[in-house]
Amino acid sequence: MSSVSPIDQTSLASGQFNTTVIMNNIFKLLTRSLTAIQNVAATQAQSLQFFSNWQNYYTNLMTLVPNPTQFPNLNGETGVSGGHANTPSAGAQQTASQFNTTLITKLQNRQSIVGDQTKAMQTVVNQSNDAASAQANLGSSLLQEMTTLLPIVMGQS
């Protein structure tokens, strides 16, 4: 029969076990905290995509506003008939032009508002990413300090 030493020679022997458990618990807490911050930043980034799509929607709407010269004339006809262009009367064309200008202006204003919201969201996303980086750096520094201090506190130096 071979003899087995009852004394554990690994770093998890009873003299080192408490330090390892404490370090593991600190690491778990730091990881949870960092994961939460990263999840917030990811959700905010998805909101940023929403705002970007919203801006594009307004741009697409503006391209759909017709030119008043494309409107039918008072008889409901468009295009060229008998060699003469059928166009709306000057008054109708001016009214349509004013309406379209107002519509484009309103769409541009709304697009600008969404653009401002997009910029504000980008700032928030950047701040969240900075917070995640700071948390990761803090966690790394804390773990380094704890590896030095815990053996001293636990009387295992």
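Read-outs: derived from the displayed coordinates by stated rules, not from any lab. This structure is a prediction, so every number in the text was calculated from the model and none was measured. Reconstructed Cβ throughout: ideal geometry from the backbone, glycine too, with neighbour counts over all protein chains shown.
One table, with the values for the structure above:
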item: Separation in nanometres of the label points that stand 7 Å from Cα toward Cβ, at Ala90 and Val21; result: 9.5 nm
item: Added length on full extension, which subtracts the Cα-Cα distance from 0.36 nm per residue, Phe50 to Thr101; result: 15.6 nm
item: Segment Thr63-Leu149, length gained on full extension (0.36 nm per residue, minus Cα span); result: 24.4 nm
item: Hz values of 3J(HN,Hα) by residue in the range 94-108 - Karplus curve (6.51, -1.76, 1.60), Gly and Pro given as x; result: 5, 4, 5, 5, 5, 4, 5, 4, 5, 4, 4, 4, 5, 5, 5
